[in-house]
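Data block below; observations after.
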Amino acid sequence: MEIFSLIENLEELIESSSKVPFSSKVMVDKEELSSLLEEIKLKLPDELKQAKRIKDERVTILNDAQDEANKILKEAELKIVELVDENAITRQAIEQKEEIIENANRISKEISVSTKEYADNLLERIEDLLSQTLQVVRENRKELK
């Protein structure tokens, strides 16, 4: 930025100027000072326009970045909701699986108990029939003797 260069030249002019004895004042070449100030005035509007443009670009960049950040946050929130929904579905599926397994185990036990009872009843009836048959055989043997 040329304006800063001109301001540095102005500072150098003041520093290199002769001092007034017994004071903090300096004697400056009027023409040289006027020339530097005129150049500063001429350059100042361009520098200000450039600074304003840079400031506007900065605001635009910040707004764009904020919009992008908001977009990313919304996408993340949607993804979280989706994952929570998937998690709920998974949890529900696991609960249903466990319930099905419990029911299958209960039914299996019931079938096992029922099968044993049926077999025991069947064997009891066979035993009774065999007992009756044995009784008949014994009676027939007695009659034969």
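So which aspartates and glutamates can residue 74 reach, going by Cα to Cα under 13 Å and dropping same-chain residues fewer than 8 places off?
Qualifying aspartates and glutamates at Cα under 13 Å: 82.
List the residues, sorted by chain then number, that are 5 or more residues from residue 26 or on another chain and whose placed amide H is less than 5 Å from its amide H.
Under 5 Å from the amide H of residue 26 lie the amide H atoms of 20, each far enough along the sequence or on another chain.
Stretch residue 59-residue 42 to full length: gain in nm at 0.36 nm per residue minus the Cα-Cα span?
3.4 nm
Based on the Cβ-Cβ distance of residue 30 and residue 52, what FRET efficiency does E = 1/(1 + (r/R0)^6) give at R0 = 30 Å, to the nearest 0.05?
Plugging the Cβ-Cβ distance into 1/(1 + (r/R0)^6) gives 0.35.
Once the principal axes of the Cα atoms of segment 106-145 are found, what is the range along each, listed largest first in whole angstroms?
Answer, in whole Å and largest first: 58, 6, 5 Å.
Quote to one decimal, in nm, the extra length available between residue 11 and residue 141 on full extension: 0.36 nm per residue of separation minus the C-alpha distance between them.
Difference between extended and current length: 32.1 nm.
For residue 71, which lysines qualify as cross-link partners when the Cα separation must be under 26 Å and same-chain residues fewer than eight apart are set aside?
Within reach: 55, 79.
Quote to one decimal, in nm, the extra length available between residue 87 and residue 125 on full extension: 0.36 nm per residue of separation minus the C-alpha distance between them.
Gain on extension, residue 87 to residue 125, equals 8.0 nm.
Take the Cα gyration tensor of segment 6-145, multiply each eigenvalue by 5, square-root it, and list the three semi-axes largest first, rounded to whole angstrom.
Details: eigenvalues 2813, 54, 10 Å².
After scaling each eigenvalue by five and taking roots: 119, 16, 7 Å.
If the reach is capped at under 27 angstrom between alpha carbons, list the lysines near residue 25, excluding any in the same chain fewer than eight residues apart.
Answer for residue 25, where 27 Å is the Cα cut-off: 41, listed by chain and number.
Would you work out which of 111, 24, 76 lies farthest towards the positive end of the dipole of segment 2-144, given +1 charges on the beta-carbon of Lys and Arg and -1 on that of Asp and Glu, about the Cα centre?
Highest projection toward the positive end goes to 111.
Quick check on packing: order 125-131, 3-9 by the mean number of other C-beta atoms within 10 Å, highest mean leading.
Highest mean packing first, the order is 3-9, 125-131.
By how many degrees, 0 to 90 and rounded to 10, does the Cα axis of helix 30-144 deviate from the longest principal axis of the chain?
Roughly 0 degrees, rounded to the nearest 10.
Can you give the Kirkwood hydrodynamic radius of segment 1-77 from its Cα pairs, in Å with one decimal?
In segment 1-77 this quantity evaluates to 16.2 Å.
Using +1 at the Cβ of each Lys and Arg and -1 at the Cβ of each Asp and Glu in the chain, identify which of 121, 132, 14 lies farthest towards the dipole's positive end.
Towards the positive end, the residue furthest out is 132.
Coordinate-derived values only; no laboratory data. Everything quoted here is computed from the prediction, not taken from an experiment. Glycine also receives a Cβ, built like all others from the backbone with ideal geometry; neighbour counts cover every protein chain displayed.
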